[in-house]
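The values are calculated or read from the model by the stated rules, or taken from the named source; none is laboratory data. Since the model is a prediction, treat every value here as computed from it, not as a measurement. A quick note on method: Cβ atoms are made from the backbone with ideal geometry, for glycine too, and the neighbour counts reach across all protein chains shown. The accessibility values were calculated without ligands, DNA or RNA, using every heavy atom of the protein model including side chains. Shrake-Rupley method; radii C 1.70, N 1.55, O 1.52, S 1.80 Å.
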Amino acid sequence: MNNNKVALVTGASRGIGASTARELAGMGFNIVINYASDETSAKEVEQEINKLCDVQTLVIKADISKEAEVKKMIDKVVLKFGRIDVVVNNAAIAIDTLFMDKTVTNFRRILDVNLIGTFLVSKYAGDFMKKAQSGVIINISSTNGIDTYYPMSLDYDASKAGVISLTHNLALEYAPYIRVNTVAPGWVKTDMNKELDQEFVDKENQKILLERFANPEEIAKVVSFLVSEEASYINDTVIRVDGGLKY
């Protein structure tokens, strides 16, 4: 076993999570690739990392909204590596519908994954980090949780606002040993957004100074900076990565 630091990335089978896992592996982290359902894609990310980087990997299926599964996941990480140095709480879902079509069941599911899941992973991984007196937690929120609101996404928006609030409280709880920050992307080219109507995309691009959606790798670069020693004095902060989104 090597002595590399260990990074757990939730929702790492695709999109921002997969890009972040690859980016952190390039920095020398051993990588834990968490996924909920798409084992094939998660294994593909693992293969890419193993081909390009001299690090160890661990793929774990876990629904982060379920406490028992999160606890089991953290136990597996500690058993294999003996440490957890970085957590990137990236896993999230969206169920966009007309306002009047929204259901309590779907609303709760979004909160369970996006907000409670972030809490659970931060709680169990953070407990280990606190004992080790070292660690970094990065929560992936969204500009939707700050000031870019869409009634079709109000449940997602609420969950991402909650993630920002959670970040501030976690930073207080885990001070001075664990740095906790939030990255709030704007529009990103991910599977979550691939079905958007082109006319809508064109209108949104007109609101962005860079006139385009971000690539997932561009978000991952910000995450990699925040977990690095170069960001050792950045804590309890929300960093927008939106290309200059203007509403």
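For the reader, a short list of remarks on this structure follows.
- Tail beyond 19 Å, pair distance distribution of the range 139-199 (Cα, percent): 39
- Given +1 at the Cβ of Lys and Arg, -1 at the Cβ of Asp and Glu and no other charges, the dipole of the range 1-92 around its Cα centre is 180 debye to the nearest 20.
- Its Kirkwood hydrodynamic radius, worked out from the mean inverse distance over all distinct Cα pairs, puts the range 95-156 at 13.5 Å.
- Leading residue at positive end of dipole, the chain (Cβ point charges), from P185, I93, F119: F119
- Applying the criteria of a DSSP loop state and at most 13 other Cβ atoms within 10 Å to the trypsin sites (Lys or Arg not before Pro) of the range 196-247 yields R212, K246.
- The chain - share of DSSP beta bridges that are antiparallel (%, nearest 5): 5
- A Cβ-based charge dipole, computed about the Cα centre of the range 23-66 with Lys and Arg at +1 and Asp and Glu at -1, lands at about 140 debye.
- Taking N as the residue count of the chain, its C-alpha radius of gyration divided by 2.2 N^0.38 Å amounts to 0.96.
- Working from Cα pairs under 8 Å separated by at least six residues, relative contact order for the chain is 19 percent.
- Positive dipole terminus of the chain, leading residue within I137, S19, V222 (C-beta point charges): I137
- The range 113-247: Rg to Rh, with Rh as the Kirkwood radius over Cα pairs: 1.00
- Legend: residue pairs K5/K221; K71/K194; K51/K130; K5/K194; K61/K130; K43/K102, Cα-Cα distance threshold 29 Å; pairs beyond threshold, K71/K194; K51/K130; K5/K194; K43/K102.
- Amide H contacts under 5 Å for N139, placed H, 5+ residues apart: N89, N181, T182, V183
- Placing +1 on the Cβ of every Lys and Arg and -1 on the Cβ of every Asp and Glu, with nothing else charged, gives the chain a dipole about its Cα centre of roughly 680 debye.
- Förster-model FRET efficiency, 25 Å R0, S165 and K131, C-beta, rounded to 0.05: 0.50
- Amide N of the range 44-67 lying under 19 Å from the label point, which is placed 7 angstrom from the Cα of R109 along Cα→Cβ: 62-67
- More than 18 Å apart - percent of Cα-Cα pairs taken over the range 54-110: 50
- Taking only the Cα atoms of the range 1-141, the radius of gyration and Dmax are 15.2, 54 Å.
- Part-to-part distance (alpha-carbon centres) for the range 1-39 and the range 91-159, which is given in Å: 19
- Each residue of the range 183-197 was assigned a 3J(HN,Hα) from its phi angle through the Karplus curve 6.51 cos²θ - 1.76 cosθ + 1.60 (θ = phi - 60°); the sequence is 9, 10, x, x, 6, 9, 6, 10, 4, 4, 10, 6, 8, 5, 5 Hz, with glycine and proline shown as x.
- With every protein chain in place, the range 1-157: carbon and sulfur % of accessible area (1.4 Å): 52
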